[in-house]
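The values are calculated or read from the model by the stated rules, or taken from the named source; none is laboratory data. It should be emphasised that the depicted structure is a prediction, and the values quoted were computed from it without experimental measurement. Because the Cβ atoms are built from the backbone with ideal geometry, glycine has one as well, and the counts that use them run over all protein chains shown.
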Ligand code: HEC
């Protein structure tokens, strides 16, 4: 091989290597520097001060609390009826009980019975909220129930 040819080969080799180095560096750069993904994979930081809402917490805030404050009766009734579908799959008894509470809540909404609505919120929260937060808070919500 001539000296000129050898130089060409070296150049091609170095060029190739740096292309590989850049390609493998690219995905690492896509991860934000402050991300702790990997250290705690699959475990979202949520619900504490400065963190985003946890899945059910966010759902409640958006679909129940906000709709109760500013939405229509129809929308609130519809959303309340969905709560039992959000019970953790590991607790089939909860889904049953949540259905009863939600049904009562829907009736109260339809009757315009504010105290009745609030009593439904409270009865579920008093009985289930602490345990839910302890055991299931980070659980992603199940997919929405199919529309009838
Ligand atoms: C059948 C059960 C059930 C009913 C009925 C229910 N909730 Fe909830 N709610 C929960 C659970 C469980 C949580 C805890 C989720 C979490 O914080 O991770 C929760 C959390 C919330 C939160 C989040 C609070 C926070 O920490 O940010 C709000 C707001 C809320 N509910 C409002 C309501 C209102 C208003 C009603 C009634 C109109 C209602 N809920 C009815 C089960 C229920």
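Quick notes on this one:
- Test: residue in the range 130-140 that is in contact (Cβ under 8 Å) with a residue 40 or more places away in the chain, in contact with a helix residue (DSSP H, G or I) (Cβ under 9 Å, 6 or more places away or on another chain) and exposed (fewer than 12 other Cβ atoms within 10 Å of the Cβ): yes
- The set of residues in the range 63-87 that are loosely packed, with under 15 Cβ neighbours inside 10 Å, within 9 Å of the ligand (Cβ to nearest atom) and either touching a residue at least 24 places away in the same chain (Cβ under 8 Å) or more than 13 Å from residue 121 (Cα to Cα) (or both) comprises 66, 69.
- With respect to the conditions (1) at negative phi; (2) modelled with pLDDT under 95, residue 54 falls short on a single one, namely (2).
- Considering the conditions (1) at pLDDT below 95; (2) within 12 Å of the ligand (Cβ to nearest atom); (3) more than 26 Å from residue 44 (Cβ to Cβ), residue 119 is excluded by exactly one of them, (1).
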